[in-house]
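Since the structure comes first, as structure tokens, the remarks are kept for the end.
The values are calculated or read from the model by the stated rules, or taken from the named source; none is laboratory data. Since the model is a prediction, treat every value here as computed from it, not as a measurement. Heads up, the Cβs are rebuilt from the backbone with ideal geometry, glycines too, and the neighbour counts pull from every protein chain shown. Each accessible area value is taken on the protein alone, full model and side chains, heavy atoms only, with ligands, DNA and RNA left out. Shrake-Rupley method; radii C 1.70, N 1.55, O 1.52, S 1.80 Å.
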Amino acid sequence: VQLQAYGGGLVQAGGSLRLSCAASERTFSGYSIGWFRQAPGKEREFVAAITWGTGSTYYADSAKGRFTISRDNAKITVYQQMNSLKPEDTADYYCAAKVRSGSYYYSGNYDYWGQGTQVTVSS
């Protein structure tokens, strides 16, 4: 599976962006999708995930109440709506696909990764 993340950009604090993650396969069937981010000089961290089966969602504490992850299986795309953005949200954002079992919060459990899309939030 090849994933492509896009939708990043420069936005002022308090603004919004919607990231998209599109897959090369004809279906997302069986894949849960997660979003991670990595700021300069920091480790990659979990942001949000959505499961394949039930569409259950998981969020990092920093994302709860501000970010919403959703999926459109017909379009083979997962979205991450980010509202009330803060300067500390500045990072490269990556989407990843997971088929193995294990925690959604751990990047090592994801099987496929897309390239990052940069999000910069100015104060």
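The candidates 76, 33, arranged from most to least accessible area with a 1.4 Å probe in the full protein assembly, appear as 76, 33. Using only Cα positions of the range 55-123, each an equal point scatterer, no hydration layer, compute I(q)/I(0) via Debye at q = 0.17, 0.20 Å⁻¹ and quote the log10 values to two decimals. Scattering profile of the range 55-123, log10 relative to I(0): -0.74, -1.03.
Given +1 at the Cβ of Lys and Arg, -1 at the Cβ of Asp and Glu and no other charges, the dipole of the chain around its Cα centre is 180 debye to the nearest 20.
Placing unit charges on each Cβ (+1 for Lys and Arg, -1 for Asp and Glu) gives the chain a dipole about its Cα centre, and among 82, 29, 106 the Cα reaching farthest toward its positive end belongs to 29. Taking every lysine pair in the chain that is 8 or more places apart or spans two chains, those with Cα atoms closer than 22 Å amount to 5. Each semi-axis of the equivalent ellipsoid for the chain is √(5λ) with λ an eigenvalue of the Cα gyration tensor; in descending order they amount to 22, 14, 13 Å. Take the Cβ atoms of residue 84 and residue 44, set R0 to 25 Å, and the FRET efficiency comes out at 0.65. The heavy atoms of residue 42 offer some 140 square angstrom of accessible surface to a 1.4 angstrom probe.
Using C-alpha pairs below 8 Å separated by at least 6 residues, the relative contact order for the range 77-123 is 47 percent. The residue 25 and residue 60 beta-carbon pair, evaluated with R₀ = 35 Å, returns a calculated FRET efficiency of approximately 0.85. Mean sequence separation of contacting Cα pairs (under 8 Å, at least six apart), scaled by the length of the range 3-112, corresponds to a relative contact order of 33 percent. Residue order by solvent-accessible surface for 37, 44, 71 is 44, 71, 37, largest first, with ligands and nucleic acids left out and a 1.4 Å probe.
Here the range 4-72 is treated as a Stokes sphere of Kirkwood radius computed over C-alpha pairs; at 20 °C and 1.002 mPa s its diffusion coefficient rounds to 159 µm²/s.
Put a dot 7 Å past the Cα of residue 105, heading toward its Cβ, do the same for residue 70, and the two dots end up 2.6 nm apart.
Among the GluC sites (Glu not before Pro) found in the range 2-107, those both in a DSSP coil and sparsely packed, with 16 or fewer other Cβ atoms within 10 Å of their Cβ, are 25, 43. Pair-distance distribution of the range 1-43: all C-alpha pairs, bin width 5 Å, starting at 0; shares per bin in whole percent are 5, 15, 22, 21, 18, 10, 7, 1.
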